[in-house]
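Single-structure report; data block below.
Every read-out reported here was derived from the displayed coordinates using simple, explicitly stated rules and does not represent laboratory data. Note that this is a predicted model, so its numbers are computed, not measured. As a convention, Cβ positions derive from the backbone with ideal geometry for all residues, glycine included, and neighbour counts pool all protein chains shown.
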């Protein structure tokens with residue numbers, strides 16, 4: 001006859017969450033010169049990795065703009081805003097601003113410095 005072993009009691013795991021310092025709760029990155037559809041997937045992944053962090057995007061070097069990449073960035077701006085987390089775009093190139101206007105959007109939609117939100 002098999003002897004019954006007492007069931008092991010599992011202890012509930014205690015999880016400690018350390019709040020990150022303000023420096024680690026921010027992310028910055030620079031948009032590529034060719035901010036086109038081919039870059040949308042990469043930018044999407046970078047944005048996902050920065051989720052829940054204050055985010056500053058430098059758009060100085062943007063020369064070509066694709067609609068899909070703008071859609072990804074617009075979605076991020078709205079997501080960060082809904083989450084109550086800082087999202088801003090700095091140093092927008094004239095090409096980026098022109099592409100935004102061409103789509104009927106405004107710089108404020110992307111939380112760009114110097115533009116009302």
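Considering Cα pairs under 8 angstrom that are at least six residues apart, work out the relative contact order of the range 26-110 and quote it in whole percent. All intermediate terms of the calculation are to be shown ahead of the outcome.
On the way: 130 pairs, mean separation 28.7, N = 85.
Value for the range 26-110: 34 percent.
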So the FRET efficiency between residue 102 and residue 58, C-beta based with R0 = 22 Å and rounded to 0.05, is 0.50
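Can you divide the C-alpha Rg of the range 26-110 by 2.2 N^0.38 Å and report the result to two decimal places?
Working: Rg = 11.6 Å, N = 85, 2.2 N^0.38 = 11.9 Å.
Here the Cα radius of gyration is 0.97 times the empirical estimate.
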Under the 7 Å Cα-to-Cβ spin-label approximation, residue 71 and residue 51 lie apart by a distance in nanometres of 1.9 nm
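Quote the FRET efficiency, to the nearest 0.05, computed for residue 94 versus residue 29 with a Förster distance R0 of 30 Å and r equal to the Cβ-Cβ distance. Don't jump to the answer; show the numbers that get you there.
Details: r = 21 Å, r/R0 = 0.69.
Given R0 = 30 Å and the Cβ-Cβ separation, E is 0.90.
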In units of 2.2 N^0.38 Å, the Cα radius of gyration of the range 63-117 is 1.05
